[in-house]
Structure formats: C-alpha cells, structure tokens
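To keep things clear, I will list the structure first and then write my remarks on it.
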Amino acid sequence: MASGTTPKMIDRESHAVVGYGAMLLESFVGVIALIAACILAPGDYFAINTMLSSEALSDLGYPVAQIQEWSRLVEQDVMGRPGGAVSLAVGMASIFSALPGLSGLMAYWYQFALLFEALFILTTIDAGTRVARYLVQELGGRVYAPLRRINWLPGALGASLLVVGGWGYLLSTGTVATIWPMFGAANQLLGMLALCVGTTVLIKMGHARYLWVTALPMVFVGVITLSGAYELLVLFAGKAASATGNAAVAFYLDTALVGIVAVLAVVILVDSLAKWYGYLVQKKPYATSEVTANEEGIKIPAGPCC
C-alpha cells in the first residue's frame, strides 16, 4: 500500500524491514477478513451484500438464518448493505464478542470494525494521493524542470492541489464508486509483479531451490486476480453498453483501464517466464547492473536488472 512512498522515506535499505512487517500485518488482516466472512451463513452473507429479499434468497437456495438476530445484536439494520464493510464488521464483532466477558459488547465491536475499515481506506487514499503527487511532479518535470524537485514547495503544493481536486471531482460527480472496484485488481496485480521480481532475484542470487517461496504465491495471486479483473472487465463493458451519456463514457473508461492493467501485468509475467527459462534451462548468463559507457561517453547500465 505504501510501496510508492516507503523508498522515499527510509535512510538505508535495512530500514525496509518496517515495510516487510507491515506487509505481514496486512496479510494477517486479509486472513481475518476471510474468517469473518466464513463465520456467516451463506444466506446471511448474501442478505447483507445484496439487495435481494429473504424470499428471493430462499428461492435461490440460500435461506436466511439469523439476519434479524445480527441486526438486533449490533443495533443496526444490516440487511441490504452491500460493499463488504458490514459483513466484515458483523463477522469480526461475532468473533470478539465470543471472547470470555465480552458477550454483551457486540454492538461496540461492530462499530470498531467499521471504523477500522474506514481508516484502512483513508490511509490507502492518503498513500495514493502522495504517489499521484510524485507522478505529477515527475511527469511535469519534463516540461518544467523545477517540478522534478519533490521538496520544491510551489511544485509540491500545486501538484497536491491538482490531485486533491481530482479526488474532489470524482466525489462530487459520484463516479468514484465506479473507479474504486479497480483498486483491488490493481493492488493485487502489483503484489503478483512484486513476487515476480522476487523470483528473478532468487534466480540471479543462485538460490533457485527456494523459488517455491515466491513462485507459488505468485501463481495463486495471479490466477485469482486476473480472474477478478476479467469479471470486472465484463461487468464494466456490460454497464457501458446499457448506460447513456456521461455514465457510458465513465464505464467505457473503466473497461479500458482494467484491460490495460491486466494486459500489462500479463506482458511482464510472460517476459519474466521467458527470462527464467533462459536462465534455468538454457543457462544463459545473468544480466548485471554494472555501469558502462557508450561511444558518446554517456554512462548506461550494462543490461536489464530482470
């Protein structure tokens, strides 16, 4: 989540262990979220995350078990609250309230879980805003050189205002809701690419026997995330075909962005597989990052890093 900002804030490579610990903690949160969802009966889960009535869910084979009881315990009507936040909060609240002496605090734990998720989303938007500011300055620096200096106050303020203004526009038009689902796909595809880079590093370090440590999670994350990206692509394309005006344009843009992200991830993965085959099977020499000079005397890397 902070991979775009952490390298700019640490003094030396050894400090990156903080980011590793944060990654483990985020993975732990993901496991807890899965457990919280699995605690709920399928009918209750769908009752929370869809707008279908109890009768409609029963006709589909998912009878509602205790949705009214959940609503009474958390002191909120939880039926028909899609998005994942409410079902996560109900599941986590049921876990915490099952602890000795905490059985009467389910409504408190429900609100605590909602606040926890809201803070997670806010920190994600915060990190995304900072990364976007860096990108605006780096790209703008090609036109106006001082913008490249991230500590130049006028440039930092101007780029920040531009990015925050973009968020404000999305919020005011309501289109941020169509963009948010892409975050999951892009975020997890970035994780897949990070594991891809880790696999290349292991090969070049001569530790091919440990490839399973990065390759297996990479395959798992890649299959799941690319499948989800395909589902999003179909969803957005269908909404674009049925919508009109600005809504249709927004959905077509979402469709294009999801497709571009997925295609770029596949291109990098295929290129990496070709290089791994060359290194491990064809025994090609590893490219190094040794700096050499070309005929004009300009220093350039001897080859790609991966």
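The values are calculated or read from the model by the stated rules, or taken from the named source; none is laboratory data. Keep in mind the model is a prediction, meaning the values are calculated, not measured. Every residue, glycine as well, gets a Cβ built from its backbone with ideal geometry; the counts of neighbours run over all protein chains shown.
Details
- On inspection, LEU253 does not qualify as at pLDDT 80 or above and either in contact with a Gly (Cβ under 8 Å, 6 or more places away or on another chain) or of a type outside the set (Lys, Arg) (or both).
- Any chance ALA56 is part of a helix (DSSP H, G or I), surrounded by 13 or more Cβ atoms within 10 Å (Cβ to Cβ), touching a helix residue (DSSP H, G or I) at 6+ places or on another chain (Cβ under 7 Å) and of a type outside the set (Lys, Arg): no
- If the condition is being under 16 Å from ASN187 (Cβ atoms) and β-branched (Val, Ile, Thr), then the stretch 224-256 contributes ILE224, THR225.
- Whichever residue in the stretch 128-160 is surrounded by 13 or more Cβ atoms within 10 Å (Cβ to Cβ), over 23 Å from the mean Cα position of the chain (by Cα) and among the hydrophobic types (A, V, I, L, M, F, W, C) and, among such residues, is farthest from ALA186 (Cα to Cα): TRP152
- Listed by first and then second residue, the pairs linking a residue in the stretch 143-172 that is over 27 Å from ALA250 (Cβ atoms) to a residue that is surrounded by 14 or more Cβ atoms within 10 Å (Cβ to Cβ) and of a type in the set (Ser, Thr, Tyr), with Cβ atoms under 8 Å apart and 6 or more places separating them unless they lie on different chains, are ILE150/TYR134.
- Residue count for the stretch 92-127, restricted to those that are over 21 Å from VAL31 (Cα atoms), surrounded by 13 or more Cβ atoms within 10 Å (Cβ to Cβ) and either hydroxyl-bearing (Ser, Thr, Tyr) or in contact with a Cys (Cβ under 8 Å, 6 or more places away or on another chain) (or both): 1
- Residue, surrounded by the most Cβ atoms within 10 Å (Cβ to Cβ), within the stretch 214-233, restricted to residues that are touching a Ser or Thr at 6+ places or on another chain (Cβ under 9 Å) and free of Cβ contacts under 8 Å to residues at least 24 places away in the same chain: THR214
- Within the stretch 59-82, being of a type outside the set (D, E, K, R), part of a loop (DSSP other than H, G, I, E, B) and closer than 21 Å to TYR110 by Cα holds for VAL64, ALA65, GLN66, GLN76, VAL78, MET79, GLY80, PRO82.
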